[in-house]
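Here is the structure we will look at, set down as structure tokens.
The values are calculated or read from the model by the stated rules, or taken from the named source; none is laboratory data. These numbers come from a predicted model, not from an experiment. Note that each Cβ is placed from the backbone with ideal geometry, even for glycine, and that neighbours are counted across all protein chains shown. Quick note on the areas: whole protein, heavy atoms, side chains included, nothing else; ligands and nucleic acids left out. Shrake-Rupley method; radii C 1.70, N 1.55, O 1.52, S 1.80 Å.
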Amino acid sequence: MSAQLQVLEPELDRLEGLWADGLADTYHDYLDTTAKAKLALAAALIEVGLRLQGLGGRAAPPATLLMGDLCLARGSRLLADNASLDVQVAFARAIELLSSKAASSEPAPAARQLLSAALSATR
């Protein structure tokens, strides 16, 4: 295991199945956007959490909703602990936009596009 993954290991507790099912790939994609491992993990967790929530689609089963909640909570905590206020606000705005589009059944931009832009937000 790389040193980078050892730093992230506590954040992946109870998410090992998701890591193997695509969270790792999503994390590595965000790592290309930011060199900060914890911010890349936060973005990956939020993207996967939104997907698990079934945002804009059919309602997910309760166990999947709870796993999505866990991803969103951990991602939010990682942002609070490691990101500037500008980045935190950009993530909140991206999630708000995605949620409002889903609620109104309007097409939404890709979560990855919005969250990648949020990683580099400054006022």
Is there a residue being open to solvent by 30 Å² or more (accessible area, probe 1.4 Å), part of a helix (DSSP H, G or I) and out of contact with any His (no Cβ under 8 Å at 6 or more places or on another chain) anywhere in the range 42-51? yes
All positions within the range 39-64 that are of a type in the set (A, V, I, L, M, F, W, C), touching a residue at least 40 places away in the same chain (Cβ under 8 Å) and either out of contact with any Phe, Trp or Tyr (no Cβ under 9 Å at 6 or more places or on another chain) or over 18 Å from Ala110 (Cα atoms) (or both): Leu39, Leu50, Leu55
Against the definition (in contact with a Gly (Cβ under 8 Å, 6 or more places away or on another chain) and either among the aliphatic types (A, V, I, L, M) or at pLDDT 95 or above (or both)), how does Ala60 come out, yes or no? yes
When residues of the range 63-91 are filtered for being part of a helix (DSSP H, G or I) and hydroxyl-bearing (Ser, Thr, Tyr), how many remain? 2
Looking at (1) in contact (Cβ under 8 Å) with a residue 40 or more places away in the chain; (2) touching a Leu at 6+ places or on another chain (Cβ under 7 Å), can you tell me which one Lys36 breaks? (2)
